[in-house]
């Protein structure tokens, strides 16, 4: 009998070309699949909750796989962690209904983007250093405007193969944490490059190079060329994926 499992993992994206398999570059998916194949003595394809771009990190990521033999999930988790490189960690593996899909049954996703303003060599791979002071209050006022829209074509990578550019944003806010600044955004789905493009545009507002009215106009024009530059990948983290409650309760947080 075929059984489906969810695997919860985290990874530092610095050394990977994103989650999804790449023909000529190392991905997180390929790395985990190769270790699963060794342990279970068969090819185990993973279906991820979505893509993350090259250099983007994930504190919380979910994928599913199927096997036709019984497995001890605790033992499999331990073996994977022994074999995987130090920049990938598995938190838990658990059985789910065979119809449950890691990508299509995800209800919400949350990303965070990190800035630091005091030069720090220990943050260089996981946060963006900025020498510019930013007007956080005005950036938050602009972020609030995102709740009034659903079509985010202006912040999408061009020529993607999605059927719609509509997303429902539930949270978008900046908060200070000591010398750091964190932008948190939660939505039902995200377009390719959407978070980094939104952050880049809001930073223009924080530098007083763009007004909130201009920000709204950019969204309404539905033209990527009008938005700000996309922020570097290394400051971005996928931090949460929400499913139905009975699934969420099984994750390790």
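The values are calculated or read from the model by the stated rules, or taken from the named source; none is laboratory data. In this text, all values refer to a predicted model and were calculated from it rather than measured experimentally. Methodologically, a virtual Cβ is constructed for each residue, glycine included, from the backbone with ideal geometry; neighbour enumeration extends over all protein chains shown.
Some values worked out for this structure:
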| read-out | value |
| --- | --- |
| Which numbered condition residue 98 fails, given (1) surrounded by fewer than 13 Cβ atoms within 10 Å (Cβ to Cβ); (2) out of contact with any strand residue (DSSP E or B) (no Cβ under 9 Å at 6 or more places or on another chain) | (2) |
| The listed residue being under 23 Å from the mean Cα position of the chain (by Cα), surrounded by fewer than 18 Cβ atoms within 10 Å (Cβ to Cβ) and assigned by TED's automatic domain parsing to the domain that holds residue 179, out of 86, 130 | 130 |
| Unmet requirement for residue 114, which otherwise passes all of (1) under 19 Å from the mean Cα position of the chain (by Cα); (2) touching a residue at least 12 places away in the same chain (Cβ under 8 Å); (3) under 30 Å from residue 3 (Cβ atoms) | (3) |
| Members of segment 208-247 found to be over 17 Å from the mean Cα position of the chain (by Cα) and closer than 25 Å to residue 64 by Cα, listed by number | 244, 245, 246, 247 |
| Matching residues in segment 1-31 - criterion: being touching a strand residue (DSSP E or B) at 6+ places or on another chain (Cβ under 7 Å), without any contact (Cβ under 8 Å) to a residue 40 or more places away in the chain and assigned to a helix (DSSP H, G or I) | 29 |
| Some residue of segment 32-41 being under 20 Å from residue 241 (Cβ atoms), over 16 Å from the mean Cα position of the chain (by Cα) and assigned to a loop (DSSP other than H, G, I, E, B) | no |
| Residue in segment 61-73 that is touching a strand residue (DSSP E or B) at 6+ places or on another chain (Cβ under 8 Å), part of a loop (DSSP other than H, G, I, E, B) and either surrounded by 14 or more Cβ atoms within 10 Å (Cβ to Cβ) or at pLDDT 95 or above (or both) present | yes |
| Criterion: free of Cβ contacts under 8 Å to residues at least 40 places away in the same chain and either outside any strand (DSSP E or B) or in the same structural domain as residue 16 (by TED's automatic domain parsing) (or both) - qualifying residue of 213, 197 | 213 |
| Counted residues, segment 133-174 - those being crowded, with 16+ Cβ neighbours inside 10 Å, within 19 Å of the chain's Cα centre (by Cα) and either part of a loop (DSSP other than H, G, I, E, B) or not assigned by TED's automatic domain parsing to the domain that holds residue 203 (or both) | 4 |
| Of all residues making up segment 91-132, the number that are closer than 24 Å to residue 190 by Cα and assigned to a loop (DSSP other than H, G, I, E, B) | 12 |
